[in-house]
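The values are calculated or read from the model by the stated rules, or taken from the named source; none is laboratory data. On a predicted model such as this, the values are computed, not experimentally measured, just so you know. Note that each Cβ is placed from the backbone with ideal geometry, even for glycine, and that neighbours are counted across all protein chains shown.
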Amino acid sequence: MQHFTDIQIYSIALLLFFSLLSFWKLFRWIGRDVKQRYLCKHRRLKRLKRLSWSEFEHLCAVLFEKEGWHVFETTTQGADGGVDIHMKKRMKRAIVQCKKYEDGKVTVKVVREMYGLMHEYEVDEVYIVTTSEFTKECYRFVEDKPMVLLNGDALVARIRKRC
């Protein structure tokens with residue numbers, strides 16, 4: 001039976017630690033590359049409109065993650081209380097509502113609901129993202145409020161900036 005010295009045991013432990021660390025970093029790098037390709041694949045409005053609502057929400061989450069947010073997607077199916085994504089960046093917290101519309105515009109009712117949810121969840125910002133457009137009332141309502149409206153064209157511009 002062979003006995004190992006303390007130095008041999010420490011050396012093996014360090015080798016195992018650095019090997020595991022290298023594998024973990026490799027898998028994270030591969031995951032980022034997959035997300036990058038997924039984002040860049042959908043850098044046209046036409047392609048965004050072909051996504052299902054759940055794929056659209058996931059794409060928005062990937063985009064915000066690429067912009068430096070720590071993203072928590074809402075995992076519930078169906079009614080989510082108006083919030084599709086919760087996210088945090090440094091000391092700032094935000095919520096996101098994703099609206100995948102073919103033709104219709106997002107109305108001020110949706111924006112008002114999100115403003116109420118901003119106070120309910122006690123977050124600093126609200127993002128409402130759509131593949132379509134917002135009504136003029138929406139833009140008037142968000143003036144001087146920590147709310148960001150991203151229409152289809154603005155969304156595509158942000159995606160292209162990350163590709």
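Looking only at strands (runs of 3 or more DSSP E) that lie completely in region 65-163, which have at least 1 residues being exposed (fewer than 13 other Cβ atoms within 10 Å of the Cβ)?
The qualifying strands (runs of 3 or more DSSP E) are 70-73, 92-99.
Determine, yes or no, whether TYR10 is closer than 30 Å to LYS105 by Cβ, assigned to a helix (DSSP H, G or I), hydroxyl-bearing (Ser, Thr, Tyr) and at pLDDT below 95.
no
Considering only residues that are in contact (Cβ under 8 Å) with a residue 24 or more places away in the chain and more than 25 Å from ARG50 (Cα to Cα), look in region 141-163 and name the one that is nearest to the chain's Cα centre (by Cα).
MET147
Would region 42-57 turn up any residue that is within 18 Å of VAL148 (Cα to Cα) and either in contact with an Asp or Glu (Cβ under 7 Å, 6 or more places away or on another chain) or at pLDDT below 90 (or both)?
So far as region 42-57 goes, yes, one or more of its residues are within 18 Å of VAL148 (Cα to Cα) and either in contact with an Asp or Glu (Cβ under 7 Å, 6 or more places away or on another chain) or at pLDDT below 90 (or both).
If I filter region 107-125 for residues that are under 28 Å from ASP33 (Cα atoms) and within 16 Å of the chain's Cα centre (by Cα), do I get at least one hit?
Within region 107-125, none of the residues are under 28 Å from ASP33 (Cα atoms) and within 16 Å of the chain's Cα centre (by Cα).
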